[in-house]
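Just so you know, all these numbers are worked out from the coordinates, no wet-lab data involved. Predicted model, so just to flag it, every value in this text is computed and none were measured. Every residue, glycine among them, receives a Cβ derived from its backbone with ideal geometry; neighbour counts consider all protein chains shown.
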Amino acid sequence: MILVTTADKGSKMMATNNNGNCYLCSETLGKTAMKNHLLKKHGASDAGQKCYLLKVEGSYEDYWLYLDVPVTASFSTLDTFLRKIWLECCGHMSSFFNPDNMMYRSEIGKSRKWETLAVGEKIGYQYDYGSTTTMLVTVAGETIRTAQKSVVRLLARNVPPVFQCTVCGKSASLVCTAYPFDSDNQFLCDSCFDENEDEYMLPITNSPRTGICAYDGGLDVFEFKPLHGGS
């Protein structure tokens, strides 16, 4: 399979925005407003775990997450979570790094604890050293939460971007990886899909790794399901 980059995805979206869904109360808000919402409405409990609110952004600003994680947890917990929700395809290597010098990335060990960072600090993360997917992690604030089953908890996620079929203009469901340098042949709907090119097709996913390597979103079980009555 020929690899495809996603450098010109934005030109094929039917609609782009920074809106996302709160997984705790179903509010739909912009990325910045969501941070304030999570800190003010969901960021304090009478007792519980001291956590950091993390903002994770893909290379394309339409993909973003807000998560909370105990400050005593290690970076490896985020690595595991990102693989499930956004990245895992072929068991590629990954690393955290200092984002201040992108030319010479200074790797940060995954055993490092979140409490070694302060609010406002940023770290980089990359998955796959060949067809690399890179993202930025920001410590957006401090929160207190009740005990959770999962170390990393998903709080909010971007609304899935919508891509336009390059043949008929309808909403696309597939990305063609056979034309990595020809943006006119990247996105297709089910009706315009040619079964003879099945080996070159991947599903469009709510992930910055859409269309890269063999990523099909198979481990992503974090689809937004609106709550009734909030929490």
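So which lysines pass the test for K170, namely a Cα distance under 23 Å, with those fewer than 8 places away in the same chain ruled out?
Within the straight-line cut-off, K170 pairs with K9, K12.
Distances over 16 Å make up what percent of all Cα-Cα pairs in region 107-148? Could you put the intermediate results ahead of the total?
On the way: 446 of 861 pairs.
Of the Cα pairs, 52 percent sit more than 16 Å apart.
Kirkwood-based Rg over Rh for region 121-172 (C-alpha set), two decimals?
Rg divided by Rh gives 1.13.
Using only the C-alpha atoms of region 59-182, find the volume of their convex hull and express it per residue in Å³.
Taking the convex hull of the Cα positions in region 59-182, it is 147 Å³ per residue.
L155: net charge of surrounding residues, Cβ under 12 Å, Lys/Arg +1, Asp/Glu -1, itself excluded?
Around L155, the surrounding residues sum to +4.
What's the Cα-based Rg to Rh of region 77-117, Rh via Kirkwood?
Using only Cα positions, Rg/Rh for region 77-117 is 1.00.
If the cut-off is 28 Å between C-alpha atoms, which lysines fall inside it for K149, apart from same-chain ones fewer than 8 positions away?
Partners within reach: K31, K35, K40, K41, K50, K55, K84, K110, K113, K122, K225.
Check each of the trypsin sites (Lys or Arg not before Pro) in region 100-159 and keep only those in coil by DSSP with at most 14 other C-beta atoms within 10 angstrom; list them in order.
Counting only loop positions with at most 14 other Cβ atoms within 10 Å, the trypsin sites (Lys or Arg not before Pro) in region 100-159 are R112, K149.
Computed over the Cα atoms of region 118-218, what is the ratio Rg over Rh, Rh following Kirkwood?
A ratio of 1.09.
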